[in-house]
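Novice: I have a structure I would like to understand better, so I am pasting it below and will then ask my questions one at a time.
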Amino acid sequence: MKYLFILIFLFAPIFVVKAADTMIDSDNDGLSDQEETNVYHSDANNSDTDNDGFDDGVEIKNSYSPLDPKPTKLKDSDYDHDSLSDDLEIKFHADLTNSDTDGDGFTDGDEIKNGYDPLSVEKKKLAKKIEINIKNQKLSYFLSDVELGEFPVSSGKNNSTPKGTYKVLNKSLKAWSKFGLWMPYWLGLGSHGEFGIHELPYWPNGYREGSNHLGTPVSHGCVRLGIGPAKLIYDWVEVGTPVVIK
Ligand SMILES: [Ca+2]
Ligand SMILES: [Ca+2]
Ligand SMILES: [Ca+2]
Ligand SMILES: [Ca+2]
């Protein structure tokens, strides 16, 4: 018992300092000094860092940059010009004022684009994931559980796209469908690639199924993506990338 008291006595001041650290808000703008210094890189001693008339805390609460005097959303702001938005820098815990957070010679934007951890000098890959929401007819892609973007899809009519967790089995720039059309940027799913994700398909005479189908389930079970997003997703995923259909 005596030792327990000694332990508490020894560690108590550390806990007090730690708790206070995250609560101090020197300039009373709604953001703690710790958040301003380490997360948003705003001035912990100036309630309106960019002097635009809005407190830093109000800007963050409404997803605006506290560093840019022009009204700029965090997702549209790239303060350090490293091709990674301030919004994604914050989500990946990278430094939005430093183009190369880990100092390994690769910019934060390049690291994320290629699936690497912008916080580690080691060639550490972050986990990729695709999520398809049948109800919303949307495909989202994630790196380390951070959503990088979403696109409208057309899945199978009459709920013919099976829900579940899959892995990309194979990739093909152009696959042939048993229904007599080409499926560009094919990503095979299921137990043996019996369905997949692909670009709007086209018939041998060149006629392409309409982009007006995106947002409505019309396929035989595959998940169709528009021209542009299909190539982006094809290039981004690897064989083995998990695909969650829900
Ligand atoms: Ca503050
Ligand atoms: Ca940036
Ligand atoms: Ca950065
Ligand atoms: Ca880097």
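Novice: If I take every Cα pair under 8 Å that is 6 or more residues apart in the stretch 137-205, average their sequence separation and divide by the length, what percent do I get for the relative contact order?
Specialist: Details: 103 pairs, mean separation 13.9, N = 69.
It rounds to 20 percent for the stretch 137-205.
Novice: Mind pulling the angle between the C-alpha long axis of helix 2-21 and the longest principal axis of the chain? Nearest 10 degrees, somewhere in 0 to 90.
Specialist: So the inclination is approximately 70 degrees.
Novice: Viscosity 0.890 mPa s, temperature 25 °C: what is the translational diffusion coefficient of the stretch 128-245 from Stokes-Einstein with a Kirkwood Rh over Cα pairs, rounded to a whole number of µm²/s? Mind dumping the intermediate values first?
Specialist: Working: Rh = 13.8 Å.
For the chosen part, D equals 177 µm²/s.
Novice: Pull out the extension gain between Lys231 and Ala127, defined as 0.36 nm times the separation in residues minus the alpha carbon to alpha carbon distance; nm, one decimal. Let's see the in-between values first.
Specialist: Details: separation 104, 0.36 × 104 = 37.44 nm, distance 1.98 nm.
In short, 35.5 nm is gained.
Novice: Another question, then. On a C-alpha basis, how far is the centre of the stretch 103-129 from the centre of the stretch 153-199 in Å? Whole number, if you could?
Specialist: Going from one Cα centre to the other spans 29 Å.
Novice: Keeping the other protein chains in place, figure out the carbon and sulfur percent of the accessible area of the stretch 23-113, with a 1.4 Å probe.
Specialist: Working: 2310 of 4820 Å².
Carbon plus sulfur share of accessible area: 48 percent.
Novice: A follow-up question, please. If I take every Cα pair under 8 Å that is 6 or more residues apart in the stretch 162-246, average their sequence separation and divide by the length, what percent do I get for the relative contact order? Mind dumping the intermediate values first?
Specialist: Details: 154 pairs, mean separation 30.2, N = 85.
In percent, rounded to a whole number, it is 36.
Novice: Same structure, new question: Cβ under 12 Å from Ile132's Cβ, Ile132 left aside: what net charge do those residues give with Lys, Arg +1 and Asp, Glu -1?
Specialist: Values: positive: Lys129, Lys135, Lys138, Lys163, Arg224, Lys246; negative: Glu131, Glu150.
Overall, the nearby charge balance is +4.
Novice: Under the rule of at least 5 residues apart or a separate chain, name every residue whose amide H is placed under 5 Å from the amide H of Val153.
Specialist: Correct list: Lys138, Leu139, Gly215.
Novice: Calculated from DSSP H runs of 4 or more alone, at -39500 (n - 2.57) each and per residue, what is the 222 nm mean residue ellipticity of the chain, nearest 500? Numbers along the way, then the final one.
Specialist: Values: 5 runs with 46 residues, N = 246.
My calculation for the chain gives -5500 deg cm²/dmol from helical runs alone.
Novice: Okay, next question. Rounded to two decimals, what ratio of Rg to Rh does the chain give with C-alpha atoms and a Kirkwood Rh? Intermediate values should be presented prior to the final figure.
Specialist: Working: Rg = 23.9 Å, Rh = 21.1 Å.
Computed over Cα atoms, the ratio is 1.13.
Novice: Can you pull the percent of the stretch 128-245's accessible area that's carbon plus sulfur, 1.4 Å probe, other chains left in place?
Specialist: On the way: 2960 of 5680 Å².
The value for the stretch 128-245 is 52 percent carbon and sulfur by accessible area.
Novice: If you don't mind, there's one more thing I want to ask. With the contact rule set at Cα under 8 Å and sequence spacing of 6 or more, what percent relative contact order holds for the chain? Before the final figure, lay out each step's value.
Specialist: Details: 473 pairs, mean separation 31.3, N = 246.
Computed over the chain, the figure is 13 percent.
Novice: Excluding Tyr202 itself, what net charge comes from residues whose Cβ is under 14 Å from its Cβ, given Lys and Arg +1 and Asp and Glu -1? Intermediate results must be reported in sequence, preceding the final value.
Specialist: On the way: positive: Lys174, Arg208, Arg224; negative: Glu199, Glu209.
Once positives and negatives cancel, what remains is +1.
Novice: Just list whichever of Lys129/Lys231; Lys91/Lys135; Lys91/Lys128 have alpha carbons separated by over 18 Å in the model shown.
Specialist: Numbers: Lys129/Lys231 16 Å; Lys91/Lys135 26 Å; Lys91/Lys128 15 Å.
From Lys129/Lys231; Lys91/Lys135; Lys91/Lys128, over 18 Å: Lys91/Lys135.
Novice: Using the Cα centre of the chain as origin and beta-carbon charges of +1 (Lys, Arg) and -1 (Asp, Glu), tell me which of Val121, Leu31, Leu67 is placed farthest towards the positive end of the dipole.
Specialist: It is Val121.
Novice: May I ask you to give the solvent-accessible area per residue for the stretch 128-245, in square angstrom, as obtained with a 1.4 angstrom probe? Show your work: numbers first, answer last.
Specialist: Details: 5680 Å² over 118 residues.
For the stretch 128-245, the solvent-accessible area averages 48 Å² per residue.
Novice: Kindly sort Thr107, Thr22 by accessible area of their heavy atoms, largest first, with the probe set to 1.4 Å. Walk me through the numbers on the way to the answer.
Specialist: Numbers: Thr107 50, Thr22 80 Å².
From most exposed to least exposed: Thr22, Thr107.
Novice: Oh, and also: Just how much of Ile24 is accessible, in Å², when a 1.4 Å probe is used and the result is rounded to the nearest 10?
Specialist: 80
Novice: Can you compute the charge dipole magnitude of the chain about its Cα centre, using +1 on each Lys and Arg Cβ and -1 on each Asp and Glu Cβ, nothing else charged? Give it in debye, rounded to the nearest 20.
Specialist: Details: 25 positive and 40 negative charges, 556 e Å.
Value, rounded to 20: 2680 debye.
Novice: Mind checking the stretch 156-220 for trypsin sites (Lys or Arg not before Pro) that DSSP puts in a loop (not H, G, I, E or B) and that have at most 12 other Cβ atoms within 10 Å?
Specialist: Filter output for the stretch 156-220: Lys163, Lys178.
Novice: For Lys157, which aspartates and glutamates qualify as cross-link partners when the Cα separation must be under 17 Å and same-chain residues fewer than eight apart are set aside?
Specialist: Counting by Cα, and skipping residues close in sequence, Lys157 has these aspartates and glutamates nearby: Glu194, Glu199, Glu209.
The values are calculated or read from the model by the stated rules, or taken from the named source; none is laboratory data. Because the structure is predicted, anything quoted here is derived from the model rather than measured. Don't worry about glycine lacking a Cβ; one is built from the backbone with ideal geometry, like all the others, and counts go over all protein chains shown. Ligands, DNA and RNA are stripped out before the accessible areas are found, and what is left, the full protein with its side chains, is counted by its heavy atoms. Shrake-Rupley method; radii C 1.70, N 1.55, O 1.52, S 1.80 Å.
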